[in-house]
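Here's the structure, in structure tokens; my notes come after.
The values are calculated or read from the model by the stated rules, or taken from the named source; none is laboratory data. Since the structure is predicted, the reported quantities are computational estimates derived from the model, not experimental observations. Reconstructed Cβ throughout: ideal geometry from the backbone, glycine too, with neighbour counts over all protein chains shown.
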Amino acid sequence: MADCYTNGLMPLAEGLRVLLDKVSSIMDHEQVSLSQAAGRVVAEAISCPINVPPANNSAMDGYGARSADCIGEVTLTCIGQALAGQPYSGTVAAGQCVWIMTGAVIPAGVDAVIMQEDVTREEQQVSLSAAVKQGQNIRLAGEDLQAGQLLFEPGHRIKPADIGLLASLGVATVAVKRKPKVALLSNGDELVEPGQPLAAGQIYESNRYALAAMLKRLSLEVDEFGIIADEPEAIREAFTQASQYDAVISSGGVSVGDADYIKDILSEMGQIDFWKLAIKPGKPFAYGRLGKAHYFGLPGNPVSAMVTCHQLAVPALRQLAGEFAEPPLTVIATTTEAIRKRPGRLDFQRGIVQRGDDGRLVVSTTGRQGSGIMSSISNANCFLVLELERGNIDAGEQVEVLLFDALLG
Ligand code: AMP
Ligand code: MG
């Protein structure tokens, strides 16, 4: 598939398109309480159950009266009071008014509220001379939201403010999509779990830890399968179990010339396609099916694993979760340094973006950018997204910056 592109590499956008074409949303719904709903994906449209505000109410502390009475200098008789939570139940007739507090329901007969500061009161006699307009200082029922109005469409991921909004409307439970179940595993005979001693030639496993932390922020149910030894039986057993999941994410073992059994066993048990992507870092990537599971094979190098997960697996998982996600927002910043780049791949360099003295955005890289250098991404707050066709960049040039989102930040 990759051969039809210049230098045999598939552009990222094309890879993403192919992936998103293959993934459809989970259909199962579940009802969760509002306090469990943050980060979940709405499964059924949510409409507003009530008017907000629920009744006409006063926007001021003052006197509720009939605007037709208030022409020129007049004196009205105060017949009672309306407090927030304690409405006045009578009707206000001609020549009368009620003392009313902010938020209190407007009593029958009243069609205007006169600010306290604009009247003089002696006993029950309230005198005013300012012009009064019908409807003044009255907030109308349904002015903010109307009963029946659409609030959230299916596919919306619920934010903390959405939870507040729903609570303010009396909504206690929400129908959301089931969380996709993701199996996460690592391949490589050289890998050792943190906490264990390191023998010659071994390195600590880090991908699974970083990827799990990232995926959990997407409200996925992540099961960590650990390090799979490079033995056919161990791999077969792990893949058989993983095939019961909605998605499988593995890292390592997808590079050309990798001397392990992963590829053979995947091809034997499912379907697998190896891609060479025109991105840096993260050239090797695999996508396939393992039973009903979508299989995402990330490169082993730690920065490559995070970049390909973020750029390819995450959008596919969002779609699997039923989310309609907007494409991420990028900004333009001026680079403070010269950046070496060869044309031919879309480069995700790691950087720090901030405001310069003149208030405009400036960006610098986090230093050495090797695909195994985890500090380059740990120290960063953004990617510098350098276009595929672009070559070396001078200090002072404009570059596109993708701020770290909630998954990376
Ligand atoms: P591979 O894609 O398997 O050829 O691995 C590329 C590089 O990434 C090698 O240096 C591996 O040792 C390293 N690597 C692979 N998997 C992991 C992992 N889970 N954690 C840290 N480094 C890894
Ligand atoms: Mg390997």
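Summary of values
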| quantity | calculated |
| --- | --- |
| Among the candidates R40, R121, residue that is closer than 30 Å to Q149 by Cα and not β-branched (V, I, T) | R40 |
| Total residues in region 398-409, condition exposed (fewer than 15 other Cβ atoms within 10 Å of the Cβ) and farther than 30 Å from Y209 by Cα | 1 |
| Lone qualifier among I163, I203 - being within 16 Å of ligand 1 (Cβ to nearest atom) and either in contact (Cβ under 8 Å) with a residue 12 or more places away in the chain or of a type outside the set (A, V, I, L, M) (or both) | I203 |
| Wholly within region 238-303, strands (runs of 3 or more DSSP E) carrying at least 1 residues that are within 9 Å of ligand 1 (Cβ to nearest atom) | 247-251, 284-290, 293-298 |
| Those residues of region 10-34 which are part of a helix (DSSP H, G or I) and in contact (Cβ under 8 Å) with a residue 12 or more places away in the chain, in sequence order | L12, G15, L16, V18, L19, L20, K22, L34 |
| Residue among V132, V119, V105 that alone is in the same structural domain as L83 (by TED's automatic domain parsing), closer than 11 Å to Y63 by Cα and hydrophobic (A, V, I, L, M, F, W, C) | V119 |
| Residues satisfying the stated conditions in region 228-247, i.e. hydrophobic (A, V, I, L, M, F, W, C), more than 22 Å from the chain's Cα centre (by Cα) and buried (at least 19 other Cβ atoms within 10 Å of the Cβ) | I228, I235, A238, F239, A242 |
| Boolean, S243 is within 15 Å of ligand 2 (Cβ to nearest atom) and either among the hydroxyl-bearing types (S, T, Y) or modelled with pLDDT under 90 (or both) | no |
| Close pairs from region 305-317: first surrounded by 22 or more Cβ atoms within 10 Å (Cβ to Cβ), partner β-branched (V, I, T) and in a helix (DSSP H, G or I), Cβ under 7 Å, at least 6 apart | M306/I377 |
| Residue count for region 272-283, restricted to those that are closer than 19 Å to S186 by Cα and surrounded by fewer than 21 Cβ atoms within 10 Å (Cβ to Cβ) | 3 |
| Residue within region 374-387 that is within 30 Å of S219 (Cβ to Cβ), within 18 Å of the chain's Cα centre (by Cα), outside any strand (DSSP E or B) and touching a residue at least 40 places away in the same chain (Cβ under 8 Å) present | no |
| A131 vs. criteria within 17 Å of R66 (Cβ to Cβ), in contact with a helix residue (DSSP H, G or I) (Cβ under 9 Å, 6 or more places away or on another chain) and not aromatic (F, W, Y) | no |
| Condition met for A212 (of a type in the set (G, A, S), crowded, with 22+ Cβ neighbours inside 10 Å, out of contact with any helix residue (DSSP H, G or I) (no Cβ under 8 Å at 6 or more places or on another chain) and closer than 30 Å to A406 by Cα) | no |
| Residue among L211, L198, L220, L166 that alone is assigned by TED's automatic domain parsing to the domain that holds A293, farther than 30 Å from A313 by Cα and at pLDDT 95 or above | L198 |
| In region 169-194, residue modelled with the highest pLDDT [restricted to those that are among the small types (G, A, S) and within 16 Å of ligand 1 (Cβ to nearest atom)] | A183 |
| For V171: the one exception among (1) outside the structural domain of L290 (by TED's automatic domain parsing); (2) touching a Lys or Arg at 6+ places or on another chain (Cβ under 8 Å) | (2) |
